[in-house]
Amino acid sequence: QVQLVESGGGLVQAGGSLRLSCVASGSIFSINAMGWYRQAPGKQRELVATLTSGGSTIDADSVKGRFTISRDNAKNTVYLQMNSLKPEDTAVYYCKMTVRTTIWDPIADYWGQGTQVTVSS
């Protein structure tokens, strides 16, 4: 099994910054992709950014130029650096990793429990 644990959320004023982290542990042979999603109250979960062997992508137009996704392979960790935060960035942020647990198993998606980000105006 694979467990993902997010951290780094909190309350910040508009214009501030936060750095989210998501660490994967357990049976991991390879991590094919990493991503961050967010879900604001009353809204559908939104893809924010993804990271694969081919590179990184900021998928949400509203955060381009402000958010950056990166990874530390040695630590099985993905980060989301969030700058110039706005009240509309308020949401629960989730990480997802596409993992192969052994060389014989198919890849599967795993989710973290979510971390709350609240941006005050």
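The values are calculated or read from the model by the stated rules, or taken from the named source; none is laboratory data. The structure presented is a predicted model; accordingly, all values stated were derived computationally and were not measured. Every residue, glycine as well, gets a Cβ built from its backbone with ideal geometry; the counts of neighbours run over all protein chains shown. To get the accessible areas, we keep the full protein, side chains included, count just its heavy atoms, and leave off ligands, DNA and RNA. Shrake-Rupley method; radii C 1.70, N 1.55, O 1.52, S 1.80 Å.
What tally of residues in the range 14-39 results from selecting those that are of a type in the set (Gly, Ala, Ser) and under 17 Å from residue 111 (Cβ atoms)?
Result for the range 14-39: 7.
Can you work out which of the residues in the range 17-47 that are touching a Phe, Trp or Tyr at 6+ places or on another chain (Cβ under 8 Å) and among the hydrophobic types (A, V, I, L, M, F, W, C) is farthest from residue 76 (Cα to Cα)?
Kept after step one, since they are touching a Phe, Trp or Tyr at 6+ places or on another chain (Cβ under 8 Å), are these residues of the range 17-47: 19-22, 24, 36-39, 45-47.
Pick out the ones that are also among the hydrophobic types (A, V, I, L, M, F, W, C) and you get 20, 22, 24, 36, 47.
On the way: 20: 14, 22: 8, 24: 5, 36: 14, 47: 20 Å.
Among residues in the range 17-47 that are touching a Phe, Trp or Tyr at 6+ places or on another chain (Cβ under 8 Å) and among the hydrophobic types (A, V, I, L, M, F, W, C), the one farthest from residue 76 (Cα to Cα) is 47.
Only residues in the range 42-68 that are free of Cβ contacts under 8 Å to residues at least 40 places away in the same chain count as the first member; pair them with residues that are open to solvent by 70 Å² or more (accessible area, probe 1.4 Å) and among the small types (Gly, Ala, Ser), Cβ under 8 angstrom, at least 6 apart or cross-chain, and list the lot.
Cβ pairs passing all conditions: 49/56; 50/56; 68/56.
Out of curiosity, is residue 14 aliphatic (A, V, I, L, M), touching a Leu at 6+ places or on another chain (Cβ under 8 Å) and either over 21 Å from residue 102 (Cα atoms) or open to solvent by 50 Å² or more (accessible area, probe 1.4 Å) (or both)?
yes
Determine if the range 52-66 includes at least one residue that is at pLDDT 95 or above and either in a strand (DSSP E or B) or touching a Pro at 6+ places or on another chain (Cβ under 6 Å) (or both).
Taking every residue of the range 52-66 in turn, none turns out to be at pLDDT 95 or above and either in a strand (DSSP E or B) or touching a Pro at 6+ places or on another chain (Cβ under 6 Å) (or both).
Regarding residue 19, is this residue touching a Gly at 6+ places or on another chain (Cβ under 6 Å), assigned to a strand (DSSP E or B), farther than 18 Å from residue 99 by Cβ and not aliphatic (A, V, I, L, M)?
Answer is yes for this residue.
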